[in-house]
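Novice: Structure provided below as C-alpha cells; questions to follow.
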Amino acid sequence: MHQLTLAEIARGLADKSFSAEELTTTLLARINSLDPQLNSFITVTDELAVQQARAADARRAAGESGALLGAPIAHKDLFCTQGVRTSCASKMLDNFTAPYDATVVAKLAAAGMVTLGKTNMDEFAMGSANESSHYGAVKNPWNLEHVPGGSSGGSAAAVAARLTPVATGTDTGGSIRQPAALTSLTGLKPTYGRVSRWGMIAYASSLDQGGPMARTAEDCALLLQGMAGFDANDSTSIDEPVPDYSASLNASLQGLRIGIPKEYFGAGLDPRIAEQVQASIQELQKLGAVIKEISLPNMQHAIAAYYVIAPAEASSNLSRFDGVRFGYRCDNPKDLTDLYKRSRGEGFGVEVQRRIMVGAYALSAGYYDAYYLKAQKIRRLIKNDFMAAFEGVDLILGPTTPNLAWKLGAKGNDPVAAYLEDVYTITANLAGLPGLSMPAGFVDGLPVGVQLLAPYFQEARLLNVAHRYQQVTDWHTRAPNGF
Ligand code: GLN
C-alpha cells in the first residue's frame, strides 16, 4: 500500500479497496520501523492521524468524496499545527506548541487529509543539506551516507522512502526543488502569493513560498489544488482564480517553446548532470516541444543578491525570538540584556546566527545602500531578464542543481560552497516565478533533477510538461533500495 501515489490512493479510497485508517496505520508502522535510519520526522502525530483517518472514513461513508479525503500527508515543521510542536528544527522552538493551524494545514485538513507528522528541516529553513537541524541531519534514502538536500530535506526523504505519499515544503531559494532533485521527487514552488504564508514561520518573507512535494506531477497537481488560493490573513496573497490543475495535465506539448539558458551550462555544472538534462530535452522534443537557446545575463549576480536579501529579512523576522514571549529562555538571566543575549545565543544554531549577523550588517545605516539597496536593484534586473526571455518562450528548462547529493559533512565547514548549490533555483524566488523540479535520471545511484520555470501563475503548464514527460519516462517510479 505504501507504494501508491496520491492519485492511486484517491481511487483506492473511492472504490473502497482500503480505508483511510488501514492506510494510515500501515504508514505509521513504516515510519516507526524505517525512519530511525533517515531521521526525516521530528514529530510523529500517531493519535491525531488515526483520529483524522477515522473521521475521513466516516465522511466517505456519509457520501462525501474528494481526492484528498483520507489521504495521508506530512508537514514541514515550520507550518504551524494546532496543539502540536512546531519547532522549525530549532532549539529556540523545541518547546513551542502552535496555538493555531497555518492556512495550508487548515485547508488540507478541511479537505480530509490525515497528518502523519512534522518533518525535519534545516533550522529556520536555512540550508541546502538538512544538516543544520537541532534534531540531527536527515539521510538520503538513495544512499544513507549522502544528504537529501534542504531545507525541506525531511519532507523529501519521507516521500522518497514511501513513508508518506506527499508532503508540504517551502522554498525561499530552492528548498522544495533542490531536495526534490536530490531524492528523485517532483516538487513545485508556486508563484509568490499563490499559496498562503499565514502560519508558515517566516525566514525571508518576500521569497518564502509553500508548495507540494510528491513523486509525480499528477500528485503535485492534486496537492496544489488543496493548498492554493487567496487568504485575507496573508497580505501578499493574490486574489487570482485557482485553475483546475489536473484538467490540463494531458495537454499536448506540440509547438511548446522551451528556452534553454546558455548560462546554465557553464563551469560548475557536473557534466554527468548536463548529459541527463540533454536527454530530457530530447524526450520533450519527441513530444513536440521546440527548443530555443536563451540568455539570462544577470544570473551570475543572483547568489550574491540573495545572500544579502534573505539574511536581511531573516534578521528582522527572527528578532521576535527574544526569550520573553515564546520559545527558548536561558536559565537565570542577570538582567534584560543578558536574557536577550543568552536566549538567542543558546537557542539559535550557528548558521542561523551567521545569517542574522550578515543581515543586520547589510541593513545597518552605513551599509544599507552598498549592500541591501544594490541587491534589490539586481533583483529587479533578474526579474527583467525573465520577462524578456518569456517574450520568446513558454517555459525555461535546465538542471535543478549543479551537483549530485554530496556526502554528509562534506560541506560542513564551508557555508559558501553550500550557498553555491542554489545557483539555478534562487532566481525564481528573486523574481517570484513558479518552478518545478522533476526526476530525470541517476548518476552513480544518485538522482538527477531537471528544473522547469514558467511565467507567473502558469503552474498548470509546469505540471502539464512534467506529467507528459513522466508518461514516457520511469525515473519517478523507481524506489530506493530498502524502502
Ligand atoms: N539554501 C537556501 C538558503 O539556505 C535556500 C533555503 C530555502 O529555500 N529555504 O537560504
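Novice: Of all residues in region 345-394 being part of a helix (DSSP H, G or I) and of a type in the set (F, W, Y), which is farthest from the ligand (Cβ to nearest atom)? Walk me through how you get there before you give the answer.
Specialist: Filtering region 345-394 down to residues part of a helix (DSSP H, G or I) leaves 345-347, 350-363, 368-389.
Within this subset, residues satisfying the condition of being of a type in the set (F, W, Y) are 361, 368, 371-372, 386.
Details: Y361: 17, Y368: 21, Y371: 16, Y372: 16, F386: 18 Å.
Step by step, filter region 345-394, then rank; the result is Y368.
Novice: So for region 10-19 (the condition being open to solvent by less than 30 Å² (accessible area, probe 1.4 Å), in a helix (DSSP H, G or I), of a type outside the set (D, E, K, R) and under 13 Å from M113 (Cα atoms)), does at least one residue qualify?
Specialist: Taking every residue of region 10-19 in turn, at least one turns out to be open to solvent by less than 30 Å² (accessible area, probe 1.4 Å), in a helix (DSSP H, G or I), of a type outside the set (D, E, K, R) and under 13 Å from M113 (Cα atoms).
Novice: Further question on the same structure: So which strands (runs of 3 or more DSSP E) are wholly in region 97-215 and hold at least 1 residues that are within 24 Å of Y245 (Cα to Cα), touching a Cys at 6+ places or on another chain (Cβ under 8 Å) and away from the ligand (no atom under 13 Å from the Cβ)?
Specialist: Working: elements: 114-119, 167-170, 186-189, 210-214.
Because the criterion is at least 1 residues that are within 24 Å of Y245 (Cα to Cα), touching a Cys at 6+ places or on another chain (Cβ under 8 Å) and away from the ligand (no atom under 13 Å from the Cβ), the strands (runs of 3 or more DSSP E) in region 97-215 that meet it are 186-189, 210-214.
Novice: Same structure again: Go through region 216-259 and give me each residue that's under 28 Å from A289 (Cβ atoms), of a type in the set (D, E) and outside any helix (DSSP H, G or I).
Specialist: E240, D244
Novice: Pairs, please: C-beta under 6 Å, at least 6 apart or cross-chain, first residue within 18 Å of A89 (Cβ to Cβ) and in region 336-364, second polar (S, T, N, Q) and assigned to a loop (DSSP other than H, G, I, E, B)?
Specialist: Cβ pairs passing all conditions: G349/S132; E351/S132.
Novice: When you scan region 417-462, how many residues do you find that are hydrophobic (A, V, I, L, M, F, W, C) and out of contact with any strand residue (DSSP E or B) (no Cβ under 7 Å at 6 or more places or on another chain)? Can you show your working first?
Specialist: So the first thing to find is which residues in region 417-462 are hydrophobic (A, V, I, L, M, F, W, C), and the list is 417-418, 420, 423, 426, 428, 430-431, 433, 436, 438, 440, 442-443, 446, 448, 450, 452-454, 457, 460, 462.
Those still in the list that are out of contact with any strand residue (DSSP E or B) (no Cβ under 7 Å at 6 or more places or on another chain) too: 417-418, 420, 423, 426, 430-431, 443, 457, 460.
The total comes to 10.
Novice: Let me ask something else. Limited to region 282-302, what total is found for residues that are in contact with a Leu (Cβ under 8 Å, 6 or more places away or on another chain), surrounded by fewer than 18 Cβ atoms within 10 Å (Cβ to Cβ) and assigned to a helix (DSSP H, G or I)?
Specialist: Going through region 282-302 one residue at a time, the tally reaches 0.
Novice: Here is a further query. Out of contact with any helix residue (DSSP H, G or I) (no Cβ under 7 Å at 6 or more places or on another chain) and either on the phi > 0 side of the Ramachandran plot or open to solvent by less than 40 Å² (accessible area, probe 1.4 Å) (or both): is that true of G259 in this structure? Spell out the reasoning first.
Specialist: Working: out of contact with any helix residue (DSSP H, G or I) (no Cβ under 7 Å at 6 or more places or on another chain): no; either on the phi > 0 side of the Ramachandran plot or open to solvent by less than 40 Å² (accessible area, probe 1.4 Å) (or both): yes.
Here the answer is no, as G259 does not meet what is asked.
Novice: When you check Y203 against the structure, is it in contact (Cβ under 8 Å) with a residue 12 or more places away in the chain, buried (at least 24 other Cβ atoms within 10 Å of the Cβ) and farther than 20 Å from P72 by Cα, yes or no?
Specialist: Numbers: in contact (Cβ under 8 Å) with a residue 12 or more places away in the chain: yes; buried (at least 24 other Cβ atoms within 10 Å of the Cβ): yes; farther than 20 Å from P72 by Cα: yes.
Against the criterion (in contact (Cβ under 8 Å) with a residue 12 or more places away in the chain, buried (at least 24 other Cβ atoms within 10 Å of the Cβ) and farther than 20 Å from P72 by Cα), Y203 qualifies.
Novice: A follow-up question, please. Being closer than 24 Å to A479 by Cβ, in contact (Cβ under 8 Å) with a residue 24 or more places away in the chain and of a type outside the set (A, V, I, L, M, F, W, C) is the filter here; which residues of region 20-45 pass it?
Specialist: T24, T25, T26, R30, D35, Q37, N39, S40
Novice: Separate question: Does K107 satisfy the condition of being surrounded by fewer than 24 Cβ atoms within 10 Å (Cβ to Cβ), over 30 Å from W406 (Cβ atoms) and charged (D, E, K, R)? Spell out how you get there, then give the answer.
Specialist: Values: surrounded by fewer than 24 Cβ atoms within 10 Å (Cβ to Cβ): yes; over 30 Å from W406 (Cβ atoms): yes; charged (D, E, K, R): yes.
It is true that K107 is surrounded by fewer than 24 Cβ atoms within 10 Å (Cβ to Cβ), over 30 Å from W406 (Cβ atoms) and charged (D, E, K, R).
Novice: Those residues that are more than 15 Å from S316 (Cβ to Cβ), surrounded by 15 or more Cβ atoms within 10 Å (Cβ to Cβ) and aliphatic (A, V, I, L, M), I need them from region 332-379; list them, please.
Specialist: If the condition is that a residue be more than 15 Å from S316 (Cβ to Cβ), surrounded by 15 or more Cβ atoms within 10 Å (Cβ to Cβ) and aliphatic (A, V, I, L, M), then L339, I378 are the ones that fit.
Novice: Do the conditions hold for N403, that is, is it outside any helix (DSSP H, G or I), within 24 Å of the chain's Cα centre (by Cα) and within 16 Å of the ligand (Cβ to nearest atom)?
Specialist: yes
Novice: Please state which of the following conditions L397 fails to meet, knowing it meets all the rest: (1) open to solvent by less than 60 Å² (accessible area, probe 1.4 Å); (2) in a helix (DSSP H, G or I).
Specialist: Result: L397 fails condition (2) only.
Novice: Could we say that Y419 is within 16 Å of the ligand (Cβ to nearest atom), outside any helix (DSSP H, G or I) and of a type in the set (F, W, Y) here? Walk me through how you get there before you give the answer.
Specialist: Details: within 16 Å of the ligand (Cβ to nearest atom): yes; outside any helix (DSSP H, G or I): no; of a type in the set (F, W, Y): yes.
So Y419 does not fit the description; no.
Novice: In addition: Of (1) out of contact with any Leu (no Cβ under 8 Å at 6 or more places or on another chain); (2) within 16 Å of the ligand (Cβ to nearest atom); (3) part of a helix (DSSP H, G or I), A410 satisfies all except one. Which?
Specialist: Going through (1) out of contact with any Leu (no Cβ under 8 Å at 6 or more places or on another chain); (2) within 16 Å of the ligand (Cβ to nearest atom); (3) part of a helix (DSSP H, G or I) one by one, A410 breaks only (3).
Novice: List every residue pair whose Cβ atoms sit under 9 Å apart, with the two residues 6 or more apart in sequence or on different chains, where the first one lies in region 387-415 and is at pLDDT 95 or above and the second, anywhere, is part of a loop (DSSP other than H, G, I, E, B) and basic (K, R).
Specialist: So the pair list comes out as L408/K139.
Novice: Among the numbered criteria (1) of a type in the set (A, V, I, L, M); (2) under 21 Å from E8 (Cβ atoms); (3) open to solvent by 30 Å² or more (accessible area, probe 1.4 Å), which one does L69 miss?
Specialist: Tallying (1) of a type in the set (A, V, I, L, M); (2) under 21 Å from E8 (Cβ atoms); (3) open to solvent by 30 Å² or more (accessible area, probe 1.4 Å), L69 fails exactly one: (3).
Novice: A further question follows. I need a count of the residues in region 20-53 that are within 18 Å of A110 (Cα to Cα) and either touching a Cys at 6+ places or on another chain (Cβ under 7 Å) or buried (at least 16 other Cβ atoms within 10 Å of the Cβ) (or both).
Specialist: First pass over region 20-53, keeping only residues within 18 Å of A110 (Cα to Cα): 20-21, 24, 45, 47-53.
Okay, now just the ones that are also either touching a Cys at 6+ places or on another chain (Cβ under 7 Å) or buried (at least 16 other Cβ atoms within 10 Å of the Cβ) (or both), so 20-21, 24, 45, 48-50, 52-53.
Adding up the residues that qualify gives 9.
Novice: Enumerate the pairs (first residue in region 91-102 and touching a residue at least 60 places away in the same chain (Cβ under 8 Å); second residue anywhere and not in a loop (DSSP other than H, G, I, E, B)) with beta-carbon separation below 6 Å, excluding pairs fewer than 6 apart on the same chain, so at least 6 apart or on different chains.
Specialist: K91/G347; M92/G347; A102/F79; A102/M200
Novice: Could I ask something else about it? Among the residues of region 429-443, write down those that are within 15 Å of I378 (Cβ to Cβ) and either touching a helix residue (DSSP H, G or I) at 6+ places or on another chain (Cβ under 7 Å) or not in a loop (DSSP other than H, G, I, E, B) (or both). Working first, answer last.
Specialist: Kept after step one, since they are within 15 Å of I378 (Cβ to Cβ), are these residues of region 429-443: 429-432.
Across region 429-443, the qualifying residues are N429, L430, A431.
The values are calculated or read from the model by the stated rules, or taken from the named source; none is laboratory data. Bear in mind that the values here come from a model prediction, so they are computed numbers and not experimental data. A quick note on method: Cβ atoms are made from the backbone with ideal geometry, for glycine too, and the neighbour counts reach across all protein chains shown. Just the protein is used for accessible areas: all its heavy atoms, side chains included, with ligands, DNA and RNA removed. Shrake-Rupley method; radii C 1.70, N 1.55, O 1.52, S 1.80 Å.
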